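See below for the structure under consideration.
The values are calculated or read from the model by the stated rules, or taken from the named source; none is laboratory data. Keep in mind it's a predicted model, so treat the numbers as computed, not measured. No Cβ is skipped: glycine too gets one built from the backbone with ideal geometry, and neighbour counts run over all protein chains shown. SASA here: full protein model, heavy atoms, side chains in, ligands and nucleic acids out. Shrake-Rupley method; radii C 1.70, N 1.55, O 1.52, S 1.80 Å.
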Amino acid sequence: LHEYSTDHEDFGRLGWREWAAIKSDALNHPLMPQALREVGLRRVEDLTPALAAAGHNHQRYDLFETAPDGEFRFSTLENDDGRNGLAAYGILSFIVETGTARRARPLHQDLGRRIDANLVLLEQFLKDPERLAQEVAVVEAARREPLPLFIPTNVFWGNVGGKVGRYKVIERATGRTLEVPNPNVMTDVVVKASVPTPEAYAIDPAASAVFAPLLERSGIAFTRLQEPRRLRCEGATLARVELERDEVYHRHGGRQIVRRQTAAKVELPAGTLLVPLDGPFARRAIQLLEPNLLYGVYARPEFRTHVAADGRVPVRRVLVKP
C-alpha cells in the first residue's frame, strides 16, 4: 500500500489534477504463470464499480513522464518489483496507490477519504467467499505449473502499432473530467530478450558467503558439493552496471549488461552451491540468480565485488540435471 500525489507540478501547470482517487495493479512479469496474472488483473478491473459506488475514482495503476504527451505506462514489469517478487512464491500480489494532495494546507485534510478508499478496496477481496475460493484454486494450480522453456530477461511496456491512448484528468477550474489523447500511452507487454531455462544454478564457493544467506532468507533449497563434479554449464560475463536512469527507454538505474558464454562441461569445485529449479520457489530462485536478467543482484555492491576481474559472474547456468 502506497500513496501518490494528485496535485503534482506536471499536471498543475496545465490546470489539472489526477482523476483517480485510488489505483491498483497486480503481478505482471511474464515469468509468472499466465493464469495467475489473468486472475489478478480481473480482480483489479472488478474493483472499479465498487469504488465508484463509494465515491472513489479507481483505475489501473499508471506512471507517467511529462504531461500531456510524455510516456504513460502501467506499473513496472521488472522482475525485481515487489509484487513480482512476492508472486514468485506462488501467490496473488497487488500494489495499491491512494491519491493525496501533498500541496494542500493543512496537510492530510483528505486523510478520511484515503482511509475509506483503502477500506472499500480491501473489503472487496474478502466479501465474496466463493470468488476467493476460486482464486485460491487458481493459485494452487499455478504453483504446480512447470517452468517455461524460456526466461524473459528484458521486458518493458510498449505501444504496438502506435495506437493513440487516452488518460483521464480533472480540470481544476471546473471539476470536469477530461480525456487527454496521447500516442505514448504504453499498454502492451514487450519481451525484448529471453534465454533458455536451465536445470539449476551453480554458485562459486568464493561467493557462497553472500549468496547462501540470500537463499536461506528466501526459502530456496540448495546443496553444497562435498567433492568436485563435472557438469555442462553456461557462464556469463558482466560488461557493466548502468546505475543512471535510462532516459530513452524510461527505466530506472541498476541495469546489468551481461554477455552469455558458450556452454561447456566444467568441473565445479567442492564447496559449490547447487540450486536446482525443481522446488516450489524455482521462480524466486530465477529472479535472484539468473545472470542474464536486466535487473539482478550485481547492481548491489556486495554481489558485484564477487565478479571476477575479467567480468565473469559467480553464478553459472547448469544445463543438465545435477
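Things worth noting here:
- Taking amide H positions as modeled 1.01 Å from N, with prolines and chain starts lacking one, the residues under 5 Å from residue 150 and 5 or more places away or on another chain are 197.
- Charge tally around residue 38: other residues with Cβ under 12 Å, Lys/Arg +1 each, Asp/Glu -1 each, net +1.
- Here the chain is treated as a Stokes sphere of Kirkwood radius computed over C-alpha pairs; at 25 °C and 0.890 mPa s its diffusion coefficient rounds to 112 µm²/s.
- Neighbour-limited loop hits for GluC sites (Glu not before Pro), region 1-67 (at most 14 other Cβ within 10 Å; DSSP other than H, G, I, E, B): 65
- Long-range tail of P(r) for region 96-246 (Cα pairs > 23 Å, %): 72 percent
- Applied to region 73-90, the Karplus parametrisation 6.51 cos²θ - 1.76 cosθ + 1.60 on θ = phi - 60° returns per-residue 3J(HN,Hα) values of 8, 6, 4, 3, 8, 5, 5, 8, 6, x, 4, 6, x, 5, 4, 5, 8, x Hz, with x for Gly and Pro.
- Exposed chymotrypsin sites (Phe, Trp or Tyr not before Pro) absent: longest stretch of the chain, with sites in DSSP loops and at most 15 other Cβ within 10 Å deemed exposed: 126-248
- Rh by Kirkwood over Cα pairs, then Stokes-Einstein D for region 189-322 at 1.002 mPa s and 20 °C, µm²/s: 140 µm²/s
- Pairs of Lys residues in the chain, spaced 8 or more positions apart or belonging to different chains, with C-alpha separations under 30 angstrom: 10 in total.
- Fraction of accessible area attributable to carbon and sulfur, region 231-316 (%, probe 1.4 Å): 50 percent
- Springs join every pair of Cα atoms under 10 Å in this Gaussian network model of the chain, and among 198, 146, 280 the largest mean-square fluctuation is at 146.
- Placing pseudo-labels 7 Å out from each Cα toward the beta carbon at residue 178 and residue 267 gives an inter-label distance of 7.2 nm.
- For region 127-178, with +1 on Lys and Arg beta carbons and -1 on Asp and Glu, the positive-most of 147, 136, 161 along the dipole: 161
- Distance in nm between pseudo-label sites at residue 111 and residue 128 (7 Å out along the Cβ direction from Cα): 3.4 nm
- Total formal charge among the other residues, if their Cβ is under 12 angstrom from that of residue 270, Lys/Arg +1 and Asp/Glu -1: -1
- Using the 1.4 Å probe convention, the accessible area of the chain works out to 49 Å² per residue with neighbouring protein chains retained.
- As a ratio to 2.2 N^0.38 Å, the alpha-carbon radius of gyration computed for region 70-170 takes the value 1.45.
- Under-5 Å amide H pairs with residue 3, H placed in peptide plane, nonlocal only: 98
- Considering region 1-150 at the alpha-carbon level, its Rg and Dmax are found to be 16.9, 55 Å.
- Computed from label points 7 Å out along Cα-Cβ, the spacing between residue 119 and residue 309 is 6.5 nm.
- Percent RCO, i.e. relative contact order, over the chain, from Cα pairs under 8 Å lying at least 6 residues apart: 19 percent
- Using θ = phi - 60° and Karplus 6.51 cos²θ - 1.76 cosθ + 1.60, couplings along region 17-28 (whole Hz; Gly, Pro as x): 9, 4, 6, 6, 8, 8, 10, 8, 7, 10, 3, 8
- Of the trypsin sites (Lys or Arg not before Pro) in region 1-42, the ones in a loop by DSSP (not H, G, I, E or B) with at most 13 other beta carbons within 10 Å are 13.
- Local charge for residue 157 was computed over the other residues whose Cβ lies under 13 Å away, with Lys and Arg +1 and Asp and Glu -1, and equals -2.
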